[in-house]
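Before any comments, here is the structure.
The values are calculated or read from the model by the stated rules, or taken from the named source; none is laboratory data. Quantities reported herein were computed from a predicted structural model and do not represent experimental measurements. Here the Cβ is made from the backbone with ideal geometry for all residues, glycine too, and neighbour counts use every protein chain on show. We work out accessible area using only protein heavy atoms, side chains counted, and drop any ligands, DNA or RNA first. Shrake-Rupley method; radii C 1.70, N 1.55, O 1.52, S 1.80 Å.
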Amino acid sequence: MASNNSLASLLDEGRRKIQVTAEELDEARRRRRLLAASARRAFPGSTTYYNGSVAHGDANTPLTDVDLGVVLSKTDAKPYGPGKKSALSLMEKVRDVVHEDLDDEFPKLTIEVAGRRRAVLVRFGDPVTYGQPDFTADIMTAIPHPSGCGLYIPNTKIADQWDRADPVTHTRMVLEAIADTKVAFARTVRLLKHWNAKHSKPMCSWNIKALALGCLDQPMPLIDALQMFFIYAADELDKGPTPDPAGVAGAIPLNMPRREVHKRLCTARDYIDLAIEHEMDGRPLSAQHALHQVLPDLIPDADPTEEEAARLPMAVGAGGTAASGLGLAVGLVTPTRAWGI
């Protein structure tokens, strides 16, 4: 059975399935503005910044959270930092002011400070995506780094109580990559976040984006961008943990042992390579079947049996092997994937 679905059209349709809606974004941004205004009111002379998927332009639906930070003025920040005061009192101040400003509009609003590692957690008790249990926000209370490069952000789980980071530069780098690639960067990251979620979440979203910053720097088809990412990411993770693209913070932690993450990246890379090979050889169903292994739910599966059956006599007659890459040929067993699904 012939297929009219090219890899390009399959990926374009797939990424639209998870693309956040304008209504979700508008409401999330409105709530983010409300929180930013409260944070600035809590600390006169402060500035606010946005980060996370909404700020980075790679949010998927359902939209469940938003991220922002407030940076104290240098004068107000003097008592805080490593060897000085922790951020606890700052987090409590944000909590109190947000309650004052938003309790009337959001009667189910709750705010958590105790036990939070980095940020104040705001639970609106009111989702922005229909059918979701809630919508949340993380508010980071940060102070300028003495060097003028980056910030100190809270880390209640370490003795110093503060970590160095540069979320403002991170957002700038991502937005520049989106512009340089004419949106291909954001669309690829959305697909990669789906891959990550469907294969045991081996990486955090920021690690995906940090690696993508190292290889996606120009416009390209989505299938080429996926291929480039998985090749690059597998090579980089084989060398060691992903460094901070801003050169300020430490290496980005993984959700699994690096060896396991590397195996998942290699498996995805091999399936993407195979999908491209099948499409170039005129086997669209086989191509779709291979791509489905990487992006289940987004890419419908296809039965390549007839295509492979027709190909095998020609391959054997030409002196080739009956096995296609990753064992997708008829009569062969597909090896166990490196991801646990």
Quick one: count up the residues across segment 109-138 that are open to solvent by 60 Å² or more (accessible area, probe 1.4 Å), hydroxyl-bearing (Ser, Thr, Tyr) and at pLDDT 95 or above. 1
Specify the residue that is least open to solvent (accessible area, probe 1.4 Å); the eligible residues are those in segment 139-163 that are over 17 Å from Glu112 (Cα atoms), of a type outside the set (Gly, Ala, Ser) and assigned to a loop (DSSP other than H, G, I, E, B). His145
Return yes when Asp217 is in contact (Cβ under 8 Å) with a residue 40 or more places away in the chain and in contact with an Asp or Glu (Cβ under 8 Å, 6 or more places away or on another chain) and no when it is not. yes
Is it the case that Leu88 is open to solvent by less than 60 Å² (accessible area, probe 1.4 Å) and either touching a Ser or Thr at 6+ places or on another chain (Cβ under 6 Å) or touching a residue at least 24 places away in the same chain (Cβ under 8 Å) (or both)? no
State whether the residues of segment 164-181 include one that is of a type in the set (Lys, Arg), open to solvent by 20 Å² or more (accessible area, probe 1.4 Å), within 21 Å of Ala251 (Cα to Cα) and at pLDDT 95 or above. yes
Options His278, His289, His262; residue that is crowded, with 20+ Cβ neighbours inside 10 Å, out of contact with any Pro (no Cβ under 8 Å at 6 or more places or on another chain) and not aliphatic (A, V, I, L, M): His262
I'd like to check something: does segment 304-326 contain any residue that is surrounded by fewer than 21 Cβ atoms within 10 Å (Cβ to Cβ), modelled with pLDDT of 95 or more, of a type outside the set (Lys, Arg) and assigned to a helix (DSSP H, G or I)? no
Could you tell me which of the residues Ser46, Ser38 is within 25 Å of Leu72 (Cβ to Cβ), in contact (Cβ under 8 Å) with a residue 60 or more places away in the chain, open to solvent by less than 20 Å² (accessible area, probe 1.4 Å) and of a type in the set (Gly, Ala, Ser)? Ser38
